[in-house]
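Below is one structure, written out as structure tokens; comments come after it.
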Amino acid sequence: MTPAIAEAMRQLERACDEHRDALLMWHDVDAALKHMVPEPAVRHLPTGTGADGRRALHRFYTEEFLPYLPGDLAITRVSRTVGRFRLIDEMLVRFTHDRPLRWLLPEARPTHRQAEITAVMIAEFDRLHIRAQRIHWDHATLLGQLGLPPLVRARG
């Protein structure tokens, strides 16, 4: 790997981390979006929530995501793989289902139970800006931990 490619990969990591921190720590949607291409796409799977395009993504983050984050959300990175145009994080996500989570469990009322699941985030880049993110998690395990029926409907 050349030094230039190694530095580009570090820049991808910084962009991804700054995007995540702006969103999850500071709840600053504009700061999060500055790390994305003009027409980004974000999709949470298996629920299908997210948005395509800057305006729609801004609305999704401000109206459907940030107001519905669990109060004790904790994310621990398990592993990270970085390529020239893609970054993949495997994470352990812990939280108490203390409020409606429209982006994660669109039709479920709070159970006040604790959950701990593995999630994978795939970020694709275009010139050091995030073009797309796909976040996957084991929905069946999540539903089981929260005592929810196996078919809490996903949007889509």
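With each pseudo-label sitting 7 Å past Cα toward Cβ, what's the GLU18-HIS129 distance in nm, one decimal? Roughly 1.3 nm, to one decimal. Using a Gaussian network for the chain with springs between C-alpha atoms less than 10 Å apart, which of these wobbles most: ILE88, ILE75, ILE130? Highest fluctuation among the options: ILE75.
The GNM of the chain, with springs linking C-alpha atoms under 10 angstrom apart, assigns the highest mean-square fluctuation among HIS112, HIS35, HIS97 to HIS112.
A full extension of the chain between THR96 and THR76 corresponds to an added length of 5.7 nm, given 0.36 nm per residue minus the alpha carbon distance. Result for the chain in a Gaussian network model with C-alpha springs under 10 Å: among ARG55, ARG43, ARG131, the largest mean-square fluctuation is at ARG55. Extension gain, VAL120-ARG10: 0.36 nm per intervening residue step, less the Cα-Cα distance, totals 37.7 nm. Residues whose amide H comes within less than 5 Å of that of VAL37, counting only those at least five positions distant or on another chain, are ILE130, ARG131 (H built at 1.01 Å from N in the peptide plane).
Spin-label model, TRP26/THR2: points 7 Å from Cα along the beta carbon direction are separated by 3.3 nm.
Coordinate-derived values only; no laboratory data. Keep in mind that this is a model prediction, so the values were computed, not measured. Here Cβ is always computed from backbone atoms with ideal geometry, including for glycine, and neighbour counts include all displayed protein chains.
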